[in-house]
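Notes for the one structure printed next.
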Amino acid sequence: MKKLVGNVMLTAGLITGAIASARNPPLWFAVGGALFIMGAGIVLRRQGEKEELHRNITKGEGGEVELKKVLENALTEIETVMKEKETDLEKARKRLGKVLETLETFAEKAQPLRIKGIKFYGEVMTSFSKAERHLNRAWSAYADGYIREGDTYLESGYAQLRETSKLLKSKS
Amino acid sequence: MERYVGQSVTKREESYREVTPVAIILGVLWGAFMAASFTYAGMVMGFTSGGSAIAAIVGWGILRGLLKKGTVVENNIVQTIASAVNISVSGVIFTIPALYIMGLHQEINTLYFFLATAAGAILGITFIIPLRKQMIEIDRLRFPTGTAVATILKTPGSGIEKARLLFFGMIISALVYLIQQFPLFGLPHIIPEVVDLGSVLHLPEWINLTIALSLMVFGMGLITGRNGLIVLAGGILSYYIITPVVKALGWIPTDVQGSAISGYVYGTMTRPLGIGMLLGGSIAGLILSLPVIAVAMKSLAQASRVKDKNGNSEELPIYYLIGGAILAFALLLITAYKLGGLGLGRSLLTALIGVAWIFIASLLVAMSTGMTDWSPVSGLSLVSVMILLYLTHKNVPLTILMGATVGVAISGAADMMQDLKTGHMVGAIPSRQQKVELLTAWLGPIIALTVVGLIWNAYGIGNDKVPAPQAMALKSMVDAVLGGNVPVDKFIAGGLLGFVLSLSGIPGLGVLVGLSMYLPMLYIIPYGIGCIVNEIAKRKKGYEFIVEKVLPFAAGLMVGEAAMTLLFAVLTVAGVLQP
């Protein structure tokens, strides 16, 4: 509810402020009032977001619980890729492609981590993105028939993803 | 040597082809071709194109089709170089032709033109170095064009279905664009380029409901998704809330009537407000991101010490950024002091503010492009002109020359980020992309400047044959600034609104809303429709549907129309077409 009220105040303040600013010259008093309403709306919104995140975490949804699940599943799938590529590389490469698609959802779900602290969020995403880039390179190398290159970056991507998982667990 | 196709596997022992002589040569040649074509066509038609997607397709044709040995990351290098060489065209043709139009081109030595714009190309790339991690890895900005190009690069390994969707999209948008250009060939007008829905629905003249029928823009929205909905909402605010309200309140001069009302509100109210919001939003975003940038810089410093198995660093060392900043400062200082005849103190101030402005503008353009694919280069050029005219005591030639440096730098920054996004998605090593761009990007402005000079000698500039609309717009801006007609109050009001919006917790909100007020509604509507379709598809069919079906099709839509614009540019240069 707080988040909704905050969003309404932010929107109403923006519309009022934009109209007041459009006049030649701007209605500075109204612009000031609009900025105040927007500011109050932002405070409410941020509080509402924090409360929503804590509720979800209690329910076992969202937040770090879900992120850890995504990473664990990805790591398990990559282990399967590592075994599968010895017998059927094409199938293994397709499986790797699916892993990369699911890792996109990690990036979306990780957004609420910003609330826990922007620095922590930055560290997690830096580690995760490096893993993702290495896995992307593995996919490309396998697609081009460069097996050794693919193997190297599959292993480093896997190791980096484990690092990301450890980082997430270290802060919970 | 057999290629990897289907069940058969080729075990290659040599190192993974990435930065190869053939990739560099092909990228430079194709980039030069596009740069020359778009310089002329841009001065005639009024717009240019980045060309990454077309370069990727040409790369596949030559590397895999002819040479039988190209790789995904090698073709990424081709498109990186080609787009880097080509992109500086927009920075050049927006500024330098204005000097010719105003008869001031002989006041500056040609060598300084080349040096300043070439340095601008290098500056844009170096300034973006610390922002790569933040925007691509941490903020995960979409960069729709970069995403589309990655889809193209991965097509040979992605399976037949994705390739089919990509080509289907290309054919549809290419065909629609071709049919829209029929009048150029003396054929009947079957599909218009724009539709005035307002007239069709008998709305009042002052309500602007004209829509561009551009599948490329629709495709951009399809890839952008949710962020683009904010742009659509902002457009609705600007055109369908602010405009009727200011009209109802009597804030429009009485001599502005009918269909002129919408243009008046856009030109004097919402556009400058939008530019202010862009600036305020990006400054707020920069402040909020300082902890993240600190993490990125620390990671950058560490990563540049870590070598891969070949002994190369994945990240460009931080001293490139320092070197770039010093080069920018020195260049601007020399230009201001020697060419502008400014005193040492003012030259130092000009150089300092110039460097800071290039960084902020590069950040802003990269952020806008990353979130929506739209790049507010012309709006930032206006602000550049304002700042530089003030700093240089209204020295117009010097202002435009330095404005060209800024324009080339910020176009290059946005393009570099798109290329790095593509690189991230295909597993390219970032430092390699950055190094090849540094090696080759300076060629673009030199080609563009040479073509501008040739056009001037052959046809003149600013006439019916070569209207140079963007340069004419810059000339109008310069006249407005010299005449004291600058909406500083709107910039400040918009800046405050944009600043506060970006504190909301929705990343880049101030920039998105600012962008929406800055863009014409003509393009916001098809773009917004694409974003809505993406959201509906995601909710009904799931994220996998977006990745498997929507993205390749949308990439095709973007590429098809882009390829046709290049073809038409070439036909215009060849004199086959007379726009």
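Directionally averaged projected area (segment B:93-226, Cα convex hull): 15.2 nm². Summing Cβ point charges (Lys, Arg +1; Asp, Glu -1) relative to the Cα centre of segment A:66-134 gives a dipole of roughly 240 debye.
For B:S313, the residues whose amide H sits under 5 Å from its own are B:D308, ignoring neighbours fewer than 5 places away on the same chain, with H placed 1.01 Å from N. For the residues B:L232, B:L344, a 1.4 Å probe over the protein chains yields an accessible-area ranking, largest first, of B:L344, B:L232.
Not counting the cut sites, what is the longest span of chain B without trypsin sites (Lys or Arg not before Pro) that DSSP labels loop and that have at most 11 other Cβ atoms within 10 Å? Within chain B, the longest run free of exposed trypsin sites (Lys or Arg not before Pro) spans B:310-579.
Per-residue shielding of A:106-112, expressed as the average number of other chain Cβ atoms within 10 Å of the residue Cβ, stands at 2. The loop-placed GluC sites (Glu not before Pro) in segment A:70-172, going by DSSP, that have at most 11 neighbouring Cβ atoms within 10 Å of their Cβ come out as A:E86.
Cα centroids of segment B:346-425 and segment B:93-137: how far apart, whole angstrom? Centre-to-centre distance over Cα atoms comes out at 8 Å. Could you work out the percent of alpha carbon pairs in segment B:413-460 separated by over 18 Å, rounded to a whole number? Value for segment B:413-460: 46 percent of Cα pairs lie more than 18 Å apart.
Considering only B:G219, A:L53, B:S52, and ranking their Cα positions along the charge dipole of the protein assembly as shown that arises from unit charges at the beta-carbon of Lys, Arg, Asp and Glu, the one farthest toward the positive end is A:L53.
The magnitude of the dipole of the protein assembly as shown, with charges of +1 and -1 set on the Cβ of Lys/Arg and Asp/Glu and taken from the Cα centre, is near 1400 debye.
The slack in the chain from B:T110 to B:M472, taken as 0.36 nm per residue of separation less the alpha-carbon distance, amounts to 128.2 nm.
Dividing the Cα radius of gyration of segment A:76-163 by its Kirkwood radius returns 1.04 for Rg/Rh. For segment A:18-164, taking Cα atoms only, Rg and Dmax work out to 22.2, 73 Å respectively.
Overall size of chain B from C-alpha positions, given as principal axis extents largest first: 75, 61, 53 Å. Overall form of segment B:498-556: oblate. Here a/c, set by the Cα gyration tensor axes a ≥ b ≥ c, is 1.5 or more, and a/b is not larger than b/c.
Packing order of peptides B:402-415, B:498-511, B:88-101, highest average first: B:402-415, B:88-101, B:498-511 (average count of other Cβ atoms within 10 Å over each peptide's residues). Averaged over the residues of B:271-284, the number of partner chain Cβ atoms lying within 10 Å of the residue Cβ comes to 1. The overall shape of the protein assembly as shown, judged from the alpha-carbon gyration tensor, is rounded, with an a/c ratio under 1.5.
Quotient of the Cα radius of gyration of segment B:104-149 and 2.2 N^0.38 Å, N being its number of residues: 1.76.
Per residue of A:133-139, other chain Cβ atoms within 10 Å of the residue Cβ number 6 on average.
Given their separation in residues at 0.36 nm each and the Cα-Cα distance between them, B:I24 and B:V245 gain 74.0 nm when the chain is fully extended.
Rounded, prolate or oblate, given the Cα gyration tensor of segment B:188-274, with a/c below 1.5 counting as rounded? Because a/c hits 1.5 or more and a/b fails to exceed b/c, segment B:188-274 counts as oblate.
Can you give the Kirkwood hydrodynamic radius for segment B:436-510, in Å, rounded to one decimal and based on Cα pairs? Across segment B:436-510, the inverse of the average 1/r is 16.5 Å. The alpha carbon centroids of segment B:439-514 and segment B:534-559 are separated by 33 Å. Across segment B:379-509, Cα-Cα pairs farther apart than 26 Å form 45% of the total.
Suppose R0 equals 51 Å; then what is the FRET efficiency for A:E79 and A:A40 from their Cβ-Cβ distance, rounded to the nearest 0.05? FRET efficiency, A:E79 to A:A40: 0.50.
Across the options A:L96, B:A361, B:I136, the greatest Cα extent toward the positive end of the charge dipole of the protein assembly as shown (unit charges at beta carbon of Lys, Arg, Asp, Glu) belongs to A:L96.
Can you figure out the FRET efficiency of B:S15 with A:T105, using R₀ = 41 Å and their beta-carbon distance, to the nearest 0.05? E between B:S15 and A:T105, to the nearest 0.05, is 0.75.
The values are calculated or read from the model by the stated rules, or taken from the named source; none is laboratory data. Note that the structure is predicted; figures quoted are calculated from it, not measured. Ideal geometry is used to build each Cβ from the backbone, glycine not excepted, and the neighbour counts take in all protein chains shown. These area figures cover heavy atoms from the full protein model, side chains too; ligands, DNA and RNA do not enter into them. Shrake-Rupley method; radii C 1.70, N 1.55, O 1.52, S 1.80 Å.
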